[in-house]
Amino acid sequence: MASTMTLVQLRHLISLAETASFTRSAEALFLTQPALSRSIHALEEELGRKLFDRVGRRSELTQFGRDVLQQARQLVFDADELVASGGRKLGGRTGTLRVGLGSGPGTLLTRPLMAGMARRGATIRVDILRGEGSRLLQALRDRQLDAVLMEVRSLRPATDLHVETVAEMRGAFMCRAGHPLARKRGALSFDAVREYPIASTKLGDEVVREMVDAYGPEGHPDECVSLRCNELSSLVEVVRDSDAILFAIRAAAPDLVELPVRPAIATRALFGLITLAGRTELPALSMLRELIAKTLRD
């Protein structure tokens, strides 16, 4: 028997899974609640199993519903892409790139990426989302992004992700020119650095281990970092205007003075370009790789 399932029903499924409420989903979809209920019930009849359980006032996905939701998102995404690709061709566009950037890549790559795409005229569209790694990966899995560029040393292996290492960059302690520590000669102890506020993004487990091995318990970020923010560019601005010390990728702030802290730690950020495994690669990713090779280097 031929399936009568429709994309409209799959969109209803996705909406209800996100809101867990027939009332809120019906409002968002401009439907009456009975109409949405009939749509979901018809989909369950088609598939032969329940998609949602009623838990109080909430409608929660069954295990089968979670499996179907993942496939539904892929089908709806592919259908939307098919329609969008036709529109882009008619409008003179040759591609779209939706990329998520972690804190380091966001600071180093956002402006060059936008400028590079601007020079190509209206033939390419780029959407950039900056944020914390787990949020970006979820957006990638939800098909809201095409690729994520982030630090990957602490990334857990996952069968649904393809990780391509694209850059390795060293970290350092840095301060503004004219800082009291910048005027000292010779190596500096970590205790001397700790006399000032230390600014950093959230550090991966491997970097934390390196800091503790080198400087003892006081080297743990929870003990020594007093200014923490996922936006590295904001931390750079603070350090330029204060006596705070920045611990970050050296290339993120070439105008700051690198401090010779001893013992030195061989901290390096490993950046990876992450895409969904098994998905056909977008042509625009080749341009992104070219830009990464030119920009993300010591």
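The values are calculated or read from the model by the stated rules, or taken from the named source; none is laboratory data. The structure presented is a predicted model; accordingly, all values stated were derived computationally and were not measured. Ideal geometry is used to build each Cβ from the backbone, glycine not excepted, and the neighbour counts take in all protein chains shown.
Going by the structure shown, is residue 200 without any contact (Cβ under 8 Å) to a residue 40 or more places away in the chain and among the small types (Gly, Ala, Ser)? No: the conditions fail for residue 200. Any residue at all in the stretch 230-249 that's surrounded by fewer than 18 Cβ atoms within 10 Å (Cβ to Cβ) and either closer than 20 Å to residue 154 by Cα or touching a Leu at 6+ places or on another chain (Cβ under 6 Å) (or both)? Yes: one or more hits. Taking first residues from the stretch 20-43 that are free of Cβ contacts under 8 Å to residues at least 24 places away in the same chain and partners that are assigned to a loop (DSSP other than H, G, I, E, B) and loosely packed, with under 13 Cβ neighbours inside 10 Å, the Cβ contacts under 8 Å between residues at least 6 apart in sequence or on separate chains come to 26/32. If the condition is being under 26 Å from residue 107 (Cα atoms) and not in a helix (DSSP H, G or I), then the stretch 179-199 contributes 179, 196, 197, 198, 199. Only residues that are surrounded by 12 or more Cβ atoms within 10 Å (Cβ to Cβ) and touching a residue at least 60 places away in the same chain (Cβ under 8 Å) were counted in the stretch 164-188, giving 17. Considering the stretch 1-19, and only residues there that are without any contact (Cβ under 8 Å) to a residue 24 or more places away in the chain and not aliphatic (A, V, I, L, M), the residue that is surrounded by the most Cβ atoms within 10 Å (Cβ to Cβ) turns out to be 15.
Going by the structure shown, is residue 203 modelled with pLDDT of 90 or more, touching a helix residue (DSSP H, G or I) at 6+ places or on another chain (Cβ under 8 Å) and buried (at least 17 other Cβ atoms within 10 Å of the Cβ)?
no
Scanning the stretch 132-167 for residues that are part of a helix (DSSP H, G or I), of a type outside the set (S, T, N, Q) and under 19 Å from residue 103 (Cβ atoms) yields 133, 135, 136, 137, 139, 140.
Is it true that residue 156 is in the same structural domain as residue 281 (by TED's automatic domain parsing) and over 22 Å from residue 251 (Cβ atoms)? Considered against the rule, which asks whether it is in the same structural domain as residue 281 (by TED's automatic domain parsing) and over 22 Å from residue 251 (Cβ atoms), residue 156 comes out as yes. When the criteria are applied in full, residue 17 meets the requirement of being at pLDDT 85 or above and within 30 Å of residue 230 (Cα to Cα).
Scanning the stretch 82-110 for residues that are at pLDDT 55 or above, surrounded by 15 or more Cβ atoms within 10 Å (Cβ to Cβ) and assigned to a helix (DSSP H, G or I) yields 103, 104, 105, 106, 107, 108, 109, 110.
Only one of the numbered conditions (1) in the same structural domain as residue 96 (by TED's automatic domain parsing); (2) modelled with pLDDT of 90 or more; (3) part of a helix (DSSP H, G or I) is violated by residue 116, and that is (2).
Figure legend. Inter-residue proximity from the stretch 148-163: first residues at negative phi, second residues β-branched (Val, Ile, Thr) and not in a strand (DSSP E or B), beta-carbon distance below 6 Å, spacing 6+ or different chains. Indicated pairs: 163/152.
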